[in-house]
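Take a look at the structure set out below.
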Amino acid sequence: MTKHPKRAWLPLALVLLILAGVVTCMWTLNQNLVPGSSKNSSGTGIHLGASTLSSENYRTIPMDQDDIHQGLLILVNNDHAYSFPQESNLVSVYQNKNKSYQVSTTGLLLQKDFLTQFNAMMKDFSSAQGIKDIIVVSGYRSKEDQQSIVDQKIQQLGKEEAMRWATVPGYSEHHTGLAADIGIYTSDGKSPSYQGQGKYAWINEHCAQYGFILRYQDDKKDITKIADEPWHYRYVGTPHASIMQQENLCLEEYTDYLKRYPFDGKHLTASDESGKQYEIYYVGAKGKTVDVPVPNDKEYWISGNNVDGFVVTVQL
Ligand SMILES: [Zn+2]
(Lines give C-alpha, C1' and ligand atoms only; values in the text may rest on other atoms or scores of the structure.)
Protein backbone atom coordinates (compact mmCIF):
# COMPACT_ATOMS: atom_id res chain seq x y z
CA MET A 1 0.00 0.00 0.00
CA THR A 2 1.32 3.41 -0.86
CA LYS A 3 0.86 6.27 1.52
CA HIS A 4 -1.28 9.23 0.61
CA PRO A 5 1.00 12.16 1.39
CA LYS A 6 -1.73 14.64 0.46
CA ARG A 7 -3.63 13.76 3.66
CA ALA A 8 -0.75 14.74 5.96
CA TRP A 9 -1.94 18.37 6.02
CA LEU A 10 -5.39 17.41 7.32
CA PRO A 11 -4.58 17.30 11.08
CA LEU A 12 -2.65 20.56 10.77
CA ALA A 13 -5.58 22.24 9.00
CA LEU A 14 -7.92 21.06 11.77
CA VAL A 15 -5.67 22.49 14.46
CA LEU A 16 -5.49 25.80 12.59
CA LEU A 17 -9.27 25.89 12.22
CA ILE A 18 -9.79 25.28 15.95
CA LEU A 19 -7.20 27.95 16.78
CA ALA A 20 -8.94 30.45 14.52
CA GLY A 21 -12.23 29.68 16.26
CA VAL A 22 -10.71 30.19 19.71
CA VAL A 23 -9.12 33.50 18.70
CA THR A 24 -12.42 34.79 17.26
CA CYS A 25 -14.25 33.78 20.43
CA MET A 26 -11.72 35.52 22.66
CA TRP A 27 -11.82 38.66 20.51
CA THR A 28 -15.61 38.77 20.71
CA LEU A 29 -15.52 38.29 24.49
CA ASN A 30 -12.95 41.00 24.80
CA GLN A 31 -15.08 43.43 22.80
CA ASN A 32 -17.93 42.88 25.22
CA LEU A 33 -15.71 43.72 28.15
CA VAL A 34 -14.73 47.11 26.76
CA PRO A 35 -16.60 49.76 28.80
CA GLY A 36 -19.48 51.21 26.86
CA SER A 37 -19.71 48.31 24.43
CA SER A 38 -22.18 46.49 26.63
CA LYS A 39 -25.80 46.51 25.53
CA ASN A 40 -26.91 47.61 28.97
CA SER A 41 -26.24 51.32 28.69
CA SER A 42 -28.87 52.45 31.20
CA GLY A 43 -26.04 53.59 33.44
CA THR A 44 -27.52 52.39 36.71
CA GLY A 45 -24.70 49.94 37.45
CA ILE A 46 -26.35 48.96 40.70
CA HIS A 47 -25.82 45.55 42.29
CA LEU A 48 -28.52 44.09 44.47
CA GLY A 49 -28.47 41.41 47.11
CA ALA A 50 -30.15 40.34 50.33
CA SER A 51 -28.56 40.16 53.74
CA THR A 52 -29.33 39.80 57.39
CA LEU A 53 -28.73 42.69 59.79
CA SER A 54 -25.57 44.66 59.11
CA SER A 55 -25.53 46.08 62.63
CA GLU A 56 -26.43 44.64 66.01
CA ASN A 57 -26.76 48.05 67.40
CA TYR A 58 -30.33 49.23 66.82
CA ARG A 59 -32.61 51.61 68.60
CA THR A 60 -36.23 52.36 67.79
CA ILE A 61 -37.73 55.63 66.65
CA PRO A 62 -41.38 56.06 67.62
CA MET A 63 -43.36 57.13 64.56
CA ASP A 64 -47.01 58.08 64.29
CA GLN A 65 -49.35 56.10 62.05
CA ASP A 66 -49.90 59.42 60.22
CA ASP A 67 -46.20 59.67 59.41
CA ILE A 68 -46.60 57.02 56.69
CA HIS A 69 -47.97 59.83 54.51
CA GLN A 70 -44.66 61.69 54.42
CA GLY A 71 -41.25 61.11 52.88
CA LEU A 72 -39.54 60.73 49.54
CA LEU A 73 -41.04 57.32 48.76
CA ILE A 74 -44.72 58.10 49.18
CA LEU A 75 -46.99 56.60 46.57
CA VAL A 76 -49.70 59.00 45.43
CA ASN A 77 -52.12 57.75 42.79
CA ASN A 78 -55.85 57.22 42.21
CA ASP A 79 -56.00 54.83 45.18
CA HIS A 80 -53.76 56.72 47.59
CA ALA A 81 -54.53 60.38 48.20
CA TYR A 82 -51.99 62.92 49.38
CA SER A 83 -52.56 64.00 52.97
CA PHE A 84 -51.21 67.59 52.72
CA PRO A 85 -49.22 67.50 55.96
CA GLN A 86 -48.71 70.86 57.68
CA GLU A 87 -44.99 70.65 57.46
CA SER A 88 -43.58 70.81 53.98
CA ASN A 89 -40.20 71.65 52.53
CA LEU A 90 -41.48 73.58 49.55
CA VAL A 91 -39.14 76.19 48.13
CA SER A 92 -39.29 78.63 45.23
CA VAL A 93 -37.66 77.23 42.08
CA TYR A 94 -37.08 80.73 40.71
CA GLN A 95 -35.14 81.80 43.79
CA ASN A 96 -33.12 78.62 44.22
CA LYS A 97 -32.39 77.36 40.74
CA ASN A 98 -29.04 77.56 38.97
CA LYS A 99 -28.52 78.98 35.47
CA SER A 100 -28.63 75.64 33.63
CA TYR A 101 -32.41 75.73 33.03
CA GLN A 102 -35.48 77.95 33.13
CA VAL A 103 -38.71 78.07 35.10
CA SER A 104 -42.08 79.13 33.66
CA THR A 105 -43.39 81.26 36.57
CA THR A 106 -41.85 82.88 39.65
CA GLY A 107 -44.44 81.22 41.90
CA LEU A 108 -43.49 77.63 41.05
CA LEU A 109 -42.63 75.54 44.15
CA LEU A 110 -40.92 72.17 44.66
CA GLN A 111 -39.54 70.29 47.64
CA LYS A 112 -36.04 71.28 48.63
CA ASP A 113 -34.62 67.76 48.07
CA PHE A 114 -36.05 67.67 44.56
CA LEU A 115 -34.57 71.03 43.70
CA THR A 116 -31.09 70.37 45.10
CA GLN A 117 -30.78 67.24 42.98
CA PHE A 118 -32.47 68.78 39.95
CA ASN A 119 -29.96 71.64 40.03
CA ALA A 120 -27.10 69.12 40.06
CA MET A 121 -28.60 67.11 37.20
CA MET A 122 -29.31 70.16 35.03
CA LYS A 123 -25.79 71.51 35.60
CA ASP A 124 -24.27 68.21 34.42
CA PHE A 125 -26.78 67.92 31.57
CA SER A 126 -26.05 71.38 30.24
CA SER A 127 -22.28 70.92 30.39
CA ALA A 128 -22.54 67.49 28.72
CA GLN A 129 -24.90 68.58 25.93
CA GLY A 130 -24.21 72.31 25.68
CA ILE A 131 -27.83 73.44 26.07
CA LYS A 132 -29.74 75.27 28.77
CA ASP A 133 -33.25 75.23 27.34
CA ILE A 134 -35.03 72.87 29.73
CA ILE A 135 -37.89 74.69 31.41
CA VAL A 136 -39.81 73.54 34.49
CA VAL A 137 -43.45 74.16 33.65
CA SER A 138 -45.27 72.56 36.57
CA GLY A 139 -44.32 71.63 40.13
CA TYR A 140 -46.26 71.66 43.38
CA ARG A 141 -50.03 71.97 43.05
CA SER A 142 -52.53 72.68 45.82
CA LYS A 143 -55.95 71.02 45.64
CA GLU A 144 -57.31 74.28 44.21
CA ASP A 145 -54.61 74.36 41.51
CA GLN A 146 -55.55 70.84 40.47
CA GLN A 147 -59.25 71.71 40.49
CA SER A 148 -58.69 74.59 38.09
CA ILE A 149 -56.69 72.29 35.77
CA VAL A 150 -59.60 69.81 35.83
CA ASP A 151 -62.14 72.60 35.16
CA GLN A 152 -60.08 73.87 32.25
CA LYS A 153 -59.81 70.37 30.73
CA ILE A 154 -63.56 69.84 31.13
CA GLN A 155 -64.20 73.06 29.21
CA GLN A 156 -61.82 71.99 26.46
CA LEU A 157 -62.69 68.32 26.14
CA GLY A 158 -65.97 67.66 27.89
CA LYS A 159 -66.22 65.87 31.20
CA GLU A 160 -65.69 62.26 30.13
CA GLU A 161 -62.62 62.88 28.02
CA ALA A 162 -61.22 65.40 30.52
CA MET A 163 -61.30 62.88 33.37
CA ARG A 164 -59.21 60.49 31.31
CA TRP A 165 -56.45 63.09 31.32
CA ALA A 166 -56.72 65.04 34.54
CA THR A 167 -56.37 63.59 38.01
CA VAL A 168 -59.00 64.20 40.68
CA PRO A 169 -57.82 66.89 43.16
CA GLY A 170 -56.12 65.24 46.15
CA TYR A 171 -54.75 62.33 44.09
CA SER A 172 -52.20 64.06 41.85
CA GLU A 173 -48.53 63.35 42.40
CA HIS A 174 -47.94 67.07 41.87
CA HIS A 175 -49.42 67.71 45.35
CA THR A 176 -46.29 66.17 46.88
CA GLY A 177 -43.87 68.78 45.51
CA LEU A 178 -41.71 65.80 44.53
CA ALA A 179 -42.81 65.81 40.89
CA ALA A 180 -42.29 68.25 38.05
CA ASP A 181 -43.19 68.56 34.39
CA ILE A 182 -40.50 69.87 32.10
CA GLY A 183 -40.55 71.33 28.61
CA ILE A 184 -38.21 72.91 26.10
CA TYR A 185 -37.91 76.69 26.26
CA THR A 186 -38.07 78.62 23.02
CA SER A 187 -37.91 82.42 22.74
CA ASP A 188 -41.16 82.55 20.76
CA GLY A 189 -42.96 80.84 23.63
CA LYS A 190 -44.14 77.94 21.48
CA SER A 191 -42.43 75.25 23.49
CA PRO A 192 -42.57 71.87 21.78
CA SER A 193 -43.76 69.10 24.07
CA TYR A 194 -40.87 67.36 25.77
CA GLN A 195 -40.24 63.80 24.56
CA GLY A 196 -36.82 63.09 26.07
CA GLN A 197 -35.21 62.33 22.74
CA GLY A 198 -32.09 63.44 20.87
CA LYS A 199 -29.81 65.50 23.12
CA TYR A 200 -32.41 65.24 25.90
CA ALA A 201 -32.07 61.44 26.03
CA TRP A 202 -29.11 62.18 28.34
CA ILE A 203 -31.60 63.02 31.08
CA ASN A 204 -33.29 59.63 31.01
CA GLU A 205 -29.95 57.86 30.82
CA HIS A 206 -28.66 59.65 33.93
CA CYS A 207 -31.66 60.74 36.02
CA ALA A 208 -31.60 57.69 38.31
CA GLN A 209 -28.11 58.60 39.54
CA TYR A 210 -29.60 61.85 40.85
CA GLY A 211 -32.62 60.09 42.39
CA PHE A 212 -35.21 60.77 39.66
CA ILE A 213 -37.54 58.41 37.84
CA LEU A 214 -39.65 58.83 34.75
CA ARG A 215 -42.87 58.17 36.60
CA TYR A 216 -45.37 57.36 33.85
CA GLN A 217 -44.12 55.05 31.12
CA ASP A 218 -46.10 53.38 28.41
CA ASP A 219 -45.34 49.80 29.47
CA LYS A 220 -46.67 50.49 32.99
CA LYS A 221 -49.85 52.38 32.15
CA ASP A 222 -52.05 49.44 33.16
CA ILE A 223 -50.63 49.72 36.68
CA THR A 224 -50.18 53.49 37.04
CA LYS A 225 -53.48 54.20 35.21
CA ILE A 226 -51.73 57.15 33.59
CA ALA A 227 -50.67 57.21 29.95
CA ASP A 228 -47.08 57.79 28.86
CA GLU A 229 -45.81 61.17 30.15
CA PRO A 230 -42.19 61.66 29.02
CA TRP A 231 -42.11 65.10 30.70
CA HIS A 232 -43.09 64.09 34.25
CA TYR A 233 -40.20 63.36 36.64
CA ARG A 234 -40.51 62.22 40.22
CA TYR A 235 -37.86 62.38 42.90
CA VAL A 236 -37.53 59.24 45.07
CA GLY A 237 -33.86 59.57 46.07
CA THR A 238 -30.89 57.29 45.66
CA PRO A 239 -30.43 54.36 45.46
CA HIS A 240 -34.19 53.78 44.95
CA ALA A 241 -34.35 55.40 41.50
CA SER A 242 -31.52 53.17 40.23
CA ILE A 243 -33.08 50.02 41.66
CA MET A 244 -36.44 50.85 40.09
CA GLN A 245 -34.80 51.56 36.73
CA GLN A 246 -32.72 48.41 36.76
CA GLU A 247 -35.56 46.15 37.88
CA ASN A 248 -38.05 47.96 35.61
CA LEU A 249 -40.47 48.69 38.44
CA CYS A 250 -42.88 51.61 38.58
CA LEU A 251 -43.53 53.14 42.01
CA GLU A 252 -46.66 51.03 42.57
CA GLU A 253 -44.60 47.87 41.95
CA TYR A 254 -41.61 49.09 43.94
CA THR A 255 -43.81 49.81 46.98
CA ASP A 256 -44.86 46.14 46.96
CA TYR A 257 -41.37 44.89 46.12
CA LEU A 258 -39.87 46.50 49.25
CA LYS A 259 -42.31 44.60 51.47
CA ARG A 260 -40.35 41.46 50.61
CA TYR A 261 -37.62 42.87 52.85
CA PRO A 262 -39.15 43.34 56.33
CA PHE A 263 -36.94 44.34 59.24
CA ASP A 264 -37.15 40.87 60.80
CA GLY A 265 -36.30 39.14 57.50
CA LYS A 266 -33.55 39.59 54.98
CA HIS A 267 -32.82 43.19 54.00
CA LEU A 268 -32.29 44.47 50.49
CA THR A 269 -28.71 45.52 49.83
CA ALA A 270 -27.56 47.72 46.98
CA SER A 271 -24.18 49.00 45.89
CA ASP A 272 -23.97 51.66 43.24
CA GLU A 273 -21.27 52.39 40.69
CA SER A 274 -19.62 54.99 42.92
CA GLY A 275 -19.09 52.27 45.53
CA LYS A 276 -21.76 53.48 47.97
CA GLN A 277 -23.53 50.67 49.77
CA TYR A 278 -27.05 50.67 51.12
CA GLU A 279 -29.31 48.49 53.17
CA ILE A 280 -33.07 48.84 52.82
CA TYR A 281 -35.94 47.36 54.84
CA TYR A 282 -39.66 47.76 55.37
CA VAL A 283 -41.51 48.26 58.65
CA GLY A 284 -45.29 47.76 58.59
CA ALA A 285 -47.37 50.36 60.42
CA LYS A 286 -49.88 48.69 62.72
CA GLY A 287 -51.34 50.59 65.62
CA LYS A 288 -51.27 54.25 66.52
CA THR A 289 -47.53 54.47 67.07
CA VAL A 290 -44.92 52.39 65.31
CA ASP A 291 -41.44 51.66 66.61
CA VAL A 292 -39.14 51.85 63.61
CA PRO A 293 -35.74 50.19 64.22
CA VAL A 294 -32.72 52.15 62.97
CA PRO A 295 -28.99 51.47 63.38
CA ASN A 296 -27.15 53.50 66.01
CA ASP A 297 -23.89 53.61 64.15
CA LYS A 298 -24.90 54.42 60.58
CA GLU A 299 -26.62 57.13 58.57
CA TYR A 300 -30.22 56.39 57.64
CA TRP A 301 -33.43 58.00 56.44
CA ILE A 302 -37.02 56.94 56.98
CA SER A 303 -39.86 57.44 54.52
CA GLY A 304 -43.50 56.52 54.71
CA ASN A 305 -44.91 54.72 51.67
CA ASN A 306 -48.36 56.40 51.96
CA VAL A 307 -49.94 52.92 51.96
CA ASP A 308 -49.16 50.87 55.06
CA GLY A 309 -45.67 51.37 56.42
CA PHE A 310 -42.18 52.80 56.40
CA VAL A 311 -39.04 52.19 54.42
CA VAL A 312 -35.67 52.63 56.09
CA THR A 313 -32.64 53.33 53.88
CA VAL A 314 -29.29 52.88 55.61
CA GLN A 315 -26.01 54.00 54.11
CA LEU A 316 -23.34 51.47 55.01
ZN1 LIG B 1 -46.96 66.00 35.69
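The values are calculated or read from the model by the stated rules, or taken from the named source; none is laboratory data. Not measured: the values here are computed from a predicted model. Cβ placement follows ideal geometry from the backbone for every residue including glycine, while neighbour counts extend to all protein chains displayed.
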(Q) Being assigned to a helix (DSSP H, G or I), under 28 Å from Lys112 (Cα atoms) and more than 13 Å from the ligand (Cβ to nearest atom) is the filter here; which residues of region 144-179 pass it? (A) Glu144, Gln147, Ser148, Val150
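Just to be sure before I move on: is Leu258 assigned to a loop (DSSP other than H, G, I, E, B), modelled with pLDDT of 95 or more, within 26 Å of Gln277 (Cβ to Cβ) and more than 12 Å from the ligand (Cβ to nearest atom) in the structure I sent? Walk me through how you get there before you give the answer.
Working: assigned to a loop (DSSP other than H, G, I, E, B): no; modelled with pLDDT of 95 or more: yes; within 26 Å of Gln277 (Cβ to Cβ): yes; more than 12 Å from the ligand (Cβ to nearest atom): yes.
So Leu258 fails the test.
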Q.
Given (1) in contact (Cβ under 8 Å) with a residue 12 or more places away in the chain; (2) assigned to a loop (DSSP other than H, G, I, E, B); (3) under 23 Å from Asp188 (Cα atoms), identify the lone condition not met by Ser126.
A. (2)
Q: Please indicate, with yes or no, whether at least one residue in region 192-199 is in contact with a Cys (Cβ under 9 Å, 6 or more places away or on another chain), closer than 22 Å to Ala241 by Cβ, basic (Lys, Arg) and modelled with pLDDT of 95 or more.
A: no
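State yes or no: is Ile243 touching a residue at least 12 places away in the same chain (Cβ under 8 Å) and farther than 22 Å from Phe114 by Cβ? First the steps, then the outcome.
On the way: touching a residue at least 12 places away in the same chain (Cβ under 8 Å): yes; farther than 22 Å from Phe114 by Cβ: no.
Taking the combined requirement at face value, the residue does not satisfy it.
Any idea how many residues of region 180-192 are under 30 Å from Ser88 (Cα atoms) and within 16 Å of the ligand (Cβ to nearest atom)? Give the derivation first.
Of all residues in region 180-192, those under 30 Å from Ser88 (Cα atoms) come to 180-185.
Next cut, within 16 Å of the ligand (Cβ to nearest atom) only: 180-184.
Summing the residues that are under 30 Å from Ser88 (Cα atoms) and within 16 Å of the ligand (Cβ to nearest atom) in region 180-192 gives 5.
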Q.
Any residue in region 192-217 that is surrounded by 16 or more Cβ atoms within 10 Å (Cβ to Cβ) and in a loop (DSSP other than H, G, I, E, B) sitting within a Cβ distance under 6 Å of a residue that is at pLDDT 95 or above and of a type in the set (Lys, Arg)? List the pairs, counting only those 6 or more apart or interchain.
A. Arg215/Arg234
